[in-house]
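These notes are about the structure you will find just below.
Values in this text are rule-based calculations from the coordinates and carry no lab data. Being a predicted model, the structure only gives us computed values, none of them experimental.
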Amino acid sequence: MRILAIGSEKSHVNWANQDAALTAESKRVWRLYKQGILREIYFTPDQSEAILMLECADERRARRVLASLPLVKRGLISFEIRVLAPYTGYERLFAAGAK
């Protein structure tokens, strides 16, 4: 199941003091990528949000994965989760009488 996770930083964070946390985050993200759980990761242009595409059995598993991230554990970021379903609109092309 594909899960879209949108991470936002907490307003109180001074990122200049977070080198160790950011390094730990990079290591954890790399492990998740190698395991096939984290499929893609992006930042918005202003880098205020991280966009993650996860492959998990369900939303509960995705929440556990995100909770394992060092920046989440330290309360520096939080995630909004959206479960994605395959697009089914192509079926219209093959329906009886489709032009």
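Only Cα pairs within less than 10 Å get springs; with that Gaussian network setup on the chain, which residue of D19, D58, D46 has the largest fluctuation?
D46
What is the count of Lys pairs in the chain whose alpha carbons sit under 25 Å apart, if the two are 8 or more places apart or on different chains?
4
What is the Cα centroid distance between the range 4-53 and the range 63-80, reported in whole angstrom?
Cα centroid to Cα centroid, the span is 9 Å.
Please check: in the Gaussian network model of the chain (C-alpha springs, under 10 Å), which one of Y42, Y33, Y87 has the largest mean-square fluctuation.
It is Y87.
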